[in-house]
Structure formats: structure tokens, C-alpha cells
Amino acid sequence: MLKINFFNECQQNIDQSAIEKKAAKVLQEYGVDDVQFDLSMVSPEKIQEYNEKYLNHQGKTDVLSFPHHTAQQRQDVPLPPGELLHLGEILICLEVAEQAATDSGRSLTDQLCFYTEHGLMHLLGYHHL
């Protein structure tokens, strides 16, 4: 089972069902089930604040991920029956996503699915070099 806790501070309509399908597919490919994560659509100011405060990077960015556990810790977290492991949080800057979608010729939904997959990979412990 997958639960995505959506937060949309930008108040723009997004296709949550497409994002849920993409997230479910990614998690299935990696053999991860019975999890939840937070997915927030945020302003450029919010993502810049988090990028600078928590990652010591300057400026706004497209997507940030904050895992709650390492892969090993995920296996060792005792949960009550029926509870879903919380993987962490993904923040997507909706304004940056809209511009990236326009620049690449993708739909906004496809761009958000791409960023969600990218963020999930970080929550699962995969990082780029």
C-alpha cells in the first residue's frame, strides 16, 4: 500500500492520480511497499529557504528530498500493525517545474512525475554523483 500526503501551498490544480501511479510504479520496481511519504508543491521562496538552510546550497532549485531513514534503518523500524513506514519528504518548486516543462516540451504533469521519481530515488537512498 502507498500513501502520499499531498501539500500544495501554491493552490494550483495538479494531477495527483498520475503522480500516485508514477510513485507506485517506481516503488514496485524497487520492491518497496507499505510506505508513505510527503509531497509538497512549494513556492520559489520556500524551496530556496530549505535549499540554503538544510543543504547549504544557494538559490532556488527544482526538487529537494529529505529521507527519514537509511535503507538499513527502514528494515529495522518497528511499526504497529497496519502502519505505513514514512520514507520522508519531497518538495517540488511548482514555478520551476512549470518552466522546466515549458523548456522541455513536457506537460506539467509529466514534469511533476519526473521530479517525484527523482525525489523518491533519493528517499530510497540513491544519489547522483
When the dipole is taken about the Cα centre of the chain, and only Lys, Arg (+1) and Asp, Glu (-1) are charged at their Cβ, what size is it in debye, to the nearest 20? 140
Tell me which of His127, Cys93, Gly105 sits at the most positive position along the dipole axis of the chain, charges placed on C-beta atoms (Lys, Arg +1; Asp, Glu -1). His127
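Determine how many Å³ per residue the convex hull of the Cα atoms of the chain encloses.
122
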Using only Cα atoms, what Kirkwood radius does region 27-66 have, in angstroms? 11.8
Two-site FRET efficiency, Glu9 against Asp76, from Cβ-Cβ distance with R₀ of 41 Å, rounded to 0.05: 0.75
Full-extension gain between Glu83 and Ala18, please, as 0.36 nm times their residue separation minus the C-alpha to C-alpha distance. 21.0 nm
Interchain or sequence-distant (5+) residues whose placed amide H lies within less than 5 Å of the amide H of Gln36 are Lys3, Leu85, His86, Leu87
Neighbours of His122 by Cβ distance under 13 Å: Lys/Arg at +1, Asp/Glu at -1, summed charge -3
So how do Met41, Met121, Met1 line up by other beta-carbon neighbours within 10 Å, fewest first? Met1, Met121, Met41
Percent RCO, i.e. relative contact order, over region 1-104, from Cα pairs under 8 Å lying at least 6 residues apart: 33
May I ask what percent, to the nearest 5, of DSSP beta bridges between residues of region 2-123 are antiparallel? 25
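Bear in mind that the values in this text are calculations on the coordinates, not laboratory data. Here the structure is a predicted model, which means the values were calculated and not measured. Here the Cβ is made from the backbone with ideal geometry for all residues, glycine too, and neighbour counts use every protein chain on show.
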